[in-house]
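Encoded as structure tokens, the structure appears first; notes follow it.
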Amino acid sequence: MEEKKEKKKYALVTGGSRGIGRAVCIQLAKDSDYTIIINYNSNKSAAEETLSLIEEVGGKGELLQFNVSDADAVSSALDNWTKNHENDIIEVIVNNAGITKDGLFMWMKPEDWSNVIDTSLNGFFNVTNHLIQKLLVNKYGRIINMVSVSGLKGTPGQTNYSAAKGAIIAATKALAQEVAKRNVTVNAVAPGFIQTDMTGELNEKELKKMIPTNRFGKPEEVAHLVSFLASKNASYITGEVVNINGGIYS
């Protein structure tokens, strides 16, 4: 009699090649038995670097290239993945991919509006919508959406980014209520100023004066929080937005 293959469990991190995404991939590999799917859009060498960092800490990972804002590309990549991993399950989804195109609203180009909304908000829909049925059938899952202080308090010069992240916050709360009975939790993590490529051009010396802890956060600090929310220990937390911002507006 053929032995039934045990399901391998995976965690998918979109935009996992750099910054917070990379830190999340490494932390999940350290803290859990999940094989990490590192999604990236164009920077394959950065994604490969993330993979070798995962392997360095004793974890396992694989790369999966698609642009989260392209619904067909997402479907095709995830369908292919499913075909090649017949008995396996993606249990954790970290919707981390996002871009900024900052500028004052009155001079904002339509494409700067739609590109930011497409990547953050539609990216969340394209990936999560494609996978959620399997989580519900599996009767277990963790969905963690990376949002921002901008989505909660709004940031001047980031009306597009604030709109995208604010919408994901509302979606997080609604979806959490739809799927809670099936042991699927949906939470959002809202970082403030974190030291990454994305904040590299900001004047850290000036900005840290408005942060009570008087410093920018580290990607690893955000990753520890995501890893906790992805664990079984966070089973009773859902529909929450957890701020990690050094007390920026406490």
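Of all residues in the range 98-113, those being assigned to a helix (DSSP H, G or I) and of a type outside the set (D, E, K, R) number 5.
Within the range 36-47, the set of residues being open to solvent by 10 Å² or more (accessible area, probe 1.4 Å) and of a type outside the set (Gly, Ala, Ser) comprises 40, 41, 43, 44.
Inspection of the range 162-170 identifies at least one residue that is within 21 Å of residue 19 (Cβ to Cβ), open to solvent by 10 Å² or more (accessible area, probe 1.4 Å), hydroxyl-bearing (Ser, Thr, Tyr) and not in a strand (DSSP E or B). For the range 131-147, the count of residues that are assigned to a helix (DSSP H, G or I) and aromatic (Phe, Trp, Tyr) is zero.
Is there a residue being open to solvent by less than 20 Å² (accessible area, probe 1.4 Å), free of Cβ contacts under 8 Å to residues at least 40 places away in the same chain and touching a Gly at 6+ places or on another chain (Cβ under 9 Å) anywhere in the range 173-196? No, there is no match, as no residue in the range 173-196 is open to solvent by less than 20 Å² (accessible area, probe 1.4 Å), free of Cβ contacts under 8 Å to residues at least 40 places away in the same chain and touching a Gly at 6+ places or on another chain (Cβ under 9 Å). For the structure I just gave you, tell me whether residue 201 is open to solvent by 30 Å² or more (accessible area, probe 1.4 Å) and at pLDDT below 95. Against the criterion (open to solvent by 30 Å² or more (accessible area, probe 1.4 Å) and at pLDDT below 95), residue 201 qualifies.
If you check 14, 82, 50 for being open to solvent by 10 Å² or more (accessible area, probe 1.4 Å) and of a type in the set (Ser, Thr, Tyr), only one passes: 82.
None of 238, 213 is modelled with pLDDT of 95 or more and either of a type in the set (Val, Ile, Thr) or open to solvent by less than 40 Å² (accessible area, probe 1.4 Å) (or both) except 238. Restricting attention to the range 97-137, which residues are open to solvent by 40 Å² or more (accessible area, probe 1.4 Å), modelled with pLDDT of 95 or more and aliphatic (A, V, I, L, M)? Correct list: 104, 106, 121, 136, 137. Would you please name the residue that is nearest to the chain's Cα centre (by Cα), looking only at residues in the range 98-116 that are under 23 Å from residue 126 (Cβ atoms) and among the acidic types (Asp, Glu)? The residue in question is 112. Beta carbons closer than 8 Å, at least 6 apart along the sequence or on distinct chains, pair a first residue in the range 75-87 that is under 12 Å from residue 37 (Cβ atoms) with a second that is open to solvent by 80 Å² or more (accessible area, probe 1.4 Å) for 77/65; 85/8.
The values are calculated or read from the model by the stated rules, or taken from the named source; none is laboratory data. Being a predicted model, the structure only gives us computed values, none of them experimental. Virtual Cβ from ideal backbone geometry, glycine too; neighbours counted across all protein chains shown. Ligands, DNA and RNA are excluded from the accessible area calculation, which covers all protein heavy atoms including side chains. Shrake-Rupley method; radii C 1.70, N 1.55, O 1.52, S 1.80 Å.
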